[in-house]
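K.L.:
Before I ask anything, let me first share the structure, which is written out below as structure tokens.
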Amino acid sequence: MRKITVIGTGYVGLVSGTCFAEVGNRVICCDVDQRKIDLLNDGIIPIYEPGLEEMALRNKSEGRLLFTTEVGEAIEASDIVYIAVGTPMSETGEADMRYVMSAAKKIGEHLNGHKIIVNKSTVPVGTGELVREVVQANKKYPWTSFDVVSNPEFLREGTALSDCMNMDRAIVGSDNPEAAEQIAQLHAPFNTRIFKTDLESAEMIKYAANTFLATKISFINAIANICEKVGADVEDVAKGMGMDSRIGEKFLQAGIGYGGSCFPKDTYALAHIADKSGYDFELLKSVIKTNQRQRFVVMDKLRETLGGLAGKQIAVLGLAFKPNTDDMREAPSLTIIPELLKQGALVRAFDPIAAEAARRMLPADIAYMDSAELATAGCDACVILTEWNEVLTMDLAKVRDRMKQPIIIDGRNSFDPKAMEEQGFVYHSVGRRPVN
Ligand code: NAD
């Protein structure tokens with residue numbers, strides 16, 4: 001049993017803290033957000049992540065998982081201190097490092113023995129060294145020592161718990177082989193591949209992996225846009241491409257582009273890191289631009305099909321950036337809905353989980369409905385932005401009969417075009433061959 005503190009109890013900190021507890025460690029998850037910690041201590045999980053509630057509450061009740069705002073005390077009571085605070089995008093596109101730096105300062109102030117400081121947040125190359133300097137500069141007791149390790153997180157929201165428990169790989173970056181081995185050992189119960197490297201390379205692996213995946217998405221979206229013009233079908237193209245094991249079939253689903261709390265900010269951050277290092281990462285800048293433009297593909301289709309949006313009732317199905325999460329950060333709906341309103345449309349929205357979070361981030365004049373069938377009733381058109389199961393299984397006959405016009409613009413290619421047309425819908429998706 002190891003004594004671990006995780007600083008930052010968000011999507012990453014709470015999930016990884018819970019998983020470390022699940023495999024037998026004593027974990028203290030701490031956060032500066034009093035409301036979040038109070039909820040957790042009351043047995044309420046502040047985020048939506050399938051399976052998390054049961055596992056977190058069980059470990060809490062068995063005494064392996066604790067929650068506190070007393071960050072200093074938590075650090076003092078642990079041998080391994082994970083930093084899992086946010087690194088959001090700043091106005092210039094860089095990663096905002098103030099939370100990481102404040103966590104590092106706190107660790108220095110409460111260093112009461114040897115500790116391994118592990119960075120799980122996604123951070124620019126060089127942050128490990130910076131953390132080392134800040135901890136050193138704030139050390140209360142000169143005799144204390146520490147190591148810095150980079151162990152970036154790869155979980156995906158919506159499947160975070162199983163991503164963590166059945167980890168695909170663990171990247172462990174450190175200049176001290178002993179510290180690296182201890183963090184590698186910590187991952188032994190997850191039965192995962194461990195790759196040890198230096199600090200800088202570990203930090204770079206995370207950005208390189210995320211921006212590569214973003215590139216795959218923008219690439220297939222660009223191909224989808226061309227497919228529409230030349231009469232090809234992007235799904236067949238992606239299938240044929242994916243059969244090549246060098247390419248692989250994953251991340252080749254065309255749609256409205258990537259969103260969420262990672263890809264947008266990490267692509268901007270790496271472009272910024274590259275600029276700063278003197279390399280103009282033109283490829284990545286195009287990936288970002290392609291993704292921004294892709295949002296408007298559904299808007300264009302909607303406007304063309306309806307001949308203008310002023311006064312039109314539009315149902316928006318799905319608000320979260322992807323299914324099975326309540327995370328609204330950089331969700332396409334945050335761009336598309338304000339644009340619909342700007343062009344004079346009236347919006348009725350449905351999301352089974354993220355509606356409450358969406359309310360806090362979207363303009364007030366939106367009607368939130370309790371089901372896809374209710375949201376679409378009386379509408380001139382419907383736009384699908386998130387392929388929630390509740391959307392995929394909606395009662396299509398009911399939807400068709402109750403809509404003013406049975407028009408569906410599907411930004412996620414959720415339905416079979418032929419079947420939709422046979423059901424009587426005017427159905428447009430992204431990059432797929434028209435039925436006739
Ligand atoms: P989050 O915003 O959900 O959580 C961050 C938490 O840190 C917040 O609760 C905040 O109150 C807390 N915090 C900030 N400063 C603090 C401090 N000084 N002391 C204690 N707590 C503090 O963020 P997240 O989505 O969990 O992401 C965390 C990091 O992991 C980011 O760098 C992100 O890029 C990376 N990451 C995220 C995901 C994901 O899917 N969310 C996946 C992989 C990596």
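K.L.:
Take segment 149-184 and flag every residue that is within 20 Å of L130 (Cα to Cα) and within 16 Å of the ligand (Cβ to nearest atom).
P.N.:
Scanning segment 149-184 gives V149, S150, N151, P152, E153, I171, V172, G173.
K.L.:
When you look at D233, is it touching a Cys at 6+ places or on another chain (Cβ under 8 Å) and touching a residue at least 40 places away in the same chain (Cβ under 8 Å), yes or no?
P.N.:
The answer is yes for D233.
K.L.:
Where in segment 159-238 are there helices (runs of 4 or more DSSP H), lying fully within it, with 2 or more residues that are of a type in the set (F, W, Y)?
P.N.:
199-230
K.L.:
Here's something else I'd like to know. For L346, work out the one condition from (1) within 16 Å of the ligand (Cβ to nearest atom); (2) closer than 20 Å to P406 by Cβ; (3) hydrophobic (A, V, I, L, M, F, W, C) it doesn't fulfil.
P.N.:
Evaluating L346 over (1) within 16 Å of the ligand (Cβ to nearest atom); (2) closer than 20 Å to P406 by Cβ; (3) hydrophobic (A, V, I, L, M, F, W, C) leaves (1) as the failure.
K.L.:
Still on this model: Would you check which residues across segment 235-293 are over 15 Å from Y207 (Cα atoms), surrounded by 12 or more Cβ atoms within 10 Å (Cβ to Cβ) and polar (S, T, N, Q) and list them?
P.N.:
Hits for segment 235-293 are Q253, S286, T290, N291, Q292.
K.L.:
Hey, another quick one. Run down T386, T376 and say which single residue is at pLDDT 95 or above, of a type in the set (V, I, T), surrounded by 24 or more Cβ atoms within 10 Å (Cβ to Cβ) and touching a Pro at 6+ places or on another chain (Cβ under 7 Å).
P.N.:
T386 is the lone residue from the list that is at pLDDT 95 or above, of a type in the set (V, I, T), surrounded by 24 or more Cβ atoms within 10 Å (Cβ to Cβ) and touching a Pro at 6+ places or on another chain (Cβ under 7 Å).
K.L.:
Can we say D351 is buried (at least 24 other Cβ atoms within 10 Å of the Cβ) and either touching a Pro at 6+ places or on another chain (Cβ under 8 Å) or within 27 Å of D266 (Cα to Cα) (or both)?
P.N.:
Criteria met by D351.
K.L.:
Just the residues that are in a helix (DSSP H, G or I) and under 16 Å from M167 (Cβ atoms), please, taken from segment 14-37.
P.N.:
V15, S16, G17, T18, C19, F20, A21, E22
K.L.:
Follow-up question, since we're still on this one. Within 15 Å of the ligand (Cβ to nearest atom) and either assigned to a helix (DSSP H, G or I) or hydroxyl-bearing (S, T, Y) (or both): is that true of V6 in this structure? If you could, list the steps in order and put the result at the bottom.
P.N.:
Values: within 15 Å of the ligand (Cβ to nearest atom): yes; either assigned to a helix (DSSP H, G or I) or hydroxyl-bearing (S, T, Y) (or both): no.
No.
K.L.:
Given the structure, is I205 touching a Pro at 6+ places or on another chain (Cβ under 8 Å) and either closer than 30 Å to R295 by Cα or in the same structural domain as A160 (by TED's automatic domain parsing) (or both)?
P.N.:
It is true that I205 is touching a Pro at 6+ places or on another chain (Cβ under 8 Å) and either closer than 30 Å to R295 by Cα or in the same structural domain as A160 (by TED's automatic domain parsing) (or both).
K.L.:
Out of all the residues in segment 37-57, which are among the aliphatic types (A, V, I, L, M) and either within 10 Å of the ligand (Cβ to nearest atom) or in contact with a strand residue (DSSP E or B) (Cβ under 6 Å, 6 or more places away or on another chain) (or both)?
P.N.:
Taking segment 37-57 and keeping what is among the aliphatic types (A, V, I, L, M), we get 37, 39-40, 44-45, 47, 52, 55-57.
Hits for segment 37-57 are I37, L40, I47.
K.L.:
Here are the criteria: (1) in a loop (DSSP other than H, G, I, E, B); (2) modelled with pLDDT of 95 or more; (3) more than 26 Å from N191 (Cβ to Cβ). Tell me which single one L40 does not satisfy.
P.N.:
The single condition L40 does not satisfy is (1).
K.L.:
While we're here: Name the residues in segment 82-121 that are without any contact (Cβ under 8 Å) to a residue 60 or more places away in the chain, under 21 Å from D327 (Cβ atoms) and aliphatic (A, V, I, L, M), would you?
P.N.:
Answer for segment 82-121, where residues must be without any contact (Cβ under 8 Å) to a residue 60 or more places away in the chain, under 21 Å from D327 (Cβ atoms) and aliphatic (A, V, I, L, M): just V100.
K.L.:
So, in segment 17-36, exactly how many residues are near the ligand (Cβ under 9 Å from one of its atoms) and surrounded by 17 or more Cβ atoms within 10 Å (Cβ to Cβ)?
P.N.:
3
K.L.:
Please verify whether A56 is of a type in the set (G, A, S), under 18 Å from N324 (Cα atoms) and either in a helix (DSSP H, G or I) or not assigned by TED's automatic domain parsing to the domain that holds D163 (or both), treating the condition exactly as stated.
P.N.:
Yes: the conditions hold for A56.
The values are calculated or read from the model by the stated rules, or taken from the named source; none is laboratory data. All values reported here derive from a predicted model rather than from experimental measurement. When we count neighbours, we look across all protein chains shown, and the Cβ atoms used for this are built from the backbone with ideal geometry, even at glycine.
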